[in-house]
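This report refers to the structure that appears directly beneath it.
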C-alpha cells in the first residue's frame, strides 16, 4: 500500500493492514495477487424491537414471509415459506426479488458488479447477494459499500436488514463465505488438471496454512459472541477444520460446480458479516502464505457430511472453536504468522483481543430469557 514519503501509517488502520498484506504477497510470490469473492447473506425483517435493561430484556422480530407469521398478520394472501424451505424461493413467496434487483442496479452504478442474488434457506426473509471477484483491498472496500447500500436502501423501503450471524433461534444463520485464490496474469495458480481435486501444490499448501491456523483466524473472521451460535451442527454450517469437495459442513469447500481453470478456488465458509473485511481477508492471506512458505500439507479430503458421522469418527476430526473466547485464546497462542512482513502488528492484535474480551464479558453478566425458563423456579 503506497503512502507519501515521510508518513508512517497508523499501525491499527485496517486498510493499511490489507494493503500491506497485498504488498507482502508480491514480495513472497512475485506477480501474484489475492482474488476474493464473498457471499453476502442477510435477513430482512418487517419489524424489529429489542431492549436490554436491569429489569427487562427482549427482542421481537417479524417477517411477513415466514410460515410462523401466518396466524399473526392481516394480509390473508397466503404464500408463506415453510421452515428451512427458502432456498431459491420464487415470487410471490420471495417478496424481495425486486428489492434485491434494485440493490444490484445501485451497486452496478458505483462499479460493483453482480454475480447473482437469490432467496436463501431461512424462511423468515433470508437473502444472498454475491458480487464479482476483486483483489483483496478492492474487495474489502466493496464489502463495506455493499453492507452500507443494503442496510440503507432496505431501511428506505421500510425493511430492516441485518448481517447478524444468528438473529433467530433454530433457524439458519447468515454467513459471509469467502471464495479466494491466488492469480498471475494467466489466472488462478491453484489449478492443476492432474492434482487432487484439480488443485495445484501451491493451492493445497495455501489450504494447509488456513487449516493450521483456523482456530486463531476465527478471531478475525467470526469476531462476535453471536458468531458461534451460527457455527453449530444441523444448519449447513462449517463445524470442522477440514476441507472437501462440495461438503458444506467442512470449513473449506472446493465448489464442485466450478468449471473455469482460471478461477480455480476454494470457499472458506466460517466467516460472517460481523468481520472487519480488511482484517479478515488479510488474515486469511497471511495464513495461506504461511502454508505456501512452509509447504504445509492439508492432509486428505473429507467428503462426508459431518452432521451424519458417528461420534467415534467425528472425534478424530479437528473441531472449530465453539466460542469467541476460545478463538481469542487461540489467537493469543498463534499469531506469529500474522506479523510477517509487518502486516499485522502486535499492538493491533493485543488491542483487538482486549476489545473482543470486553464484548464476551458484557454478554457473560447479562441474564437471558431462556435462563429464566431454566432456573427461575429452582
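The values are calculated or read from the model by the stated rules, or taken from the named source; none is laboratory data. This is a predicted model, so every value here is computed, not measured. So basically every Cβ, Gly included, is an ideal-geometry build from the backbone, and we count neighbours across all protein chains shown.
Scanning for something more than 27 Å from residue 118 (Cβ to Cβ) and either touching a residue at least 60 places away in the same chain (Cβ under 8 Å) or surrounded by 14 or more Cβ atoms within 10 Å (Cβ to Cβ) (or both), does region 39-51 turn up at least one residue?
no
For region 238-273, the tally of residues that are in a loop (DSSP other than H, G, I, E, B) and surrounded by 20 or more Cβ atoms within 10 Å (Cβ to Cβ) stands at 11. If you go through region 124-158, how many residues are buried (at least 21 other Cβ atoms within 10 Å of the Cβ) and part of a loop (DSSP other than H, G, I, E, B)? Within region 124-158, residues that are buried (at least 21 other Cβ atoms within 10 Å of the Cβ) and part of a loop (DSSP other than H, G, I, E, B) number 2.
Within region 73-96, the set of residues being free of Cβ contacts under 8 Å to residues at least 60 places away in the same chain, crowded, with 16+ Cβ neighbours inside 10 Å and either within 22 Å of the chain's Cα centre (by Cα) or under 17 Å from residue 158 (Cβ atoms) (or both) comprises 86, 87, 95. Of note, residue 310 does not satisfy the criterion of being in contact with a helix residue (DSSP H, G or I) (Cβ under 6 Å, 6 or more places away or on another chain), at pLDDT below 95 and either assigned by TED's automatic domain parsing to the domain that holds residue 19 or under 29 Å from residue 58 (Cα atoms) (or both). Answer yes or no as to whether residue 315 is under 17 Å from the mean Cα position of the chain (by Cα) and in the same structural domain as residue 13 (by TED's automatic domain parsing). For residue 315, the condition - under 17 Å from the mean Cα position of the chain (by Cα) and in the same structural domain as residue 13 (by TED's automatic domain parsing) - is not met.
Counting only residues that are in contact with a helix residue (DSSP H, G or I) (Cβ under 9 Å, 6 or more places away or on another chain), farther than 18 Å from residue 162 by Cα and either touching a residue at least 60 places away in the same chain (Cβ under 8 Å) or surrounded by 13 or more Cβ atoms within 10 Å (Cβ to Cβ) (or both), region 108-123 holds 2 of them.
Taken over region 169-203, residues that are in contact with a strand residue (DSSP E or B) (Cβ under 7 Å, 6 or more places away or on another chain) and over 30 Å from residue 25 (Cβ atoms) amount to 1. Within region 185-192, none of the residues are part of a loop (DSSP other than H, G, I, E, B) and under 30 Å from residue 58 (Cα atoms).
Here residue 25 qualifies as buried (at least 19 other Cβ atoms within 10 Å of the Cβ) and either at pLDDT below 90 or within 29 Å of residue 144 (Cα to Cα) (or both).
Scanning region 167-180 for residues that are in a strand (DSSP E or B) and touching a helix residue (DSSP H, G or I) at 6+ places or on another chain (Cβ under 7 Å) turns up 178, 180.
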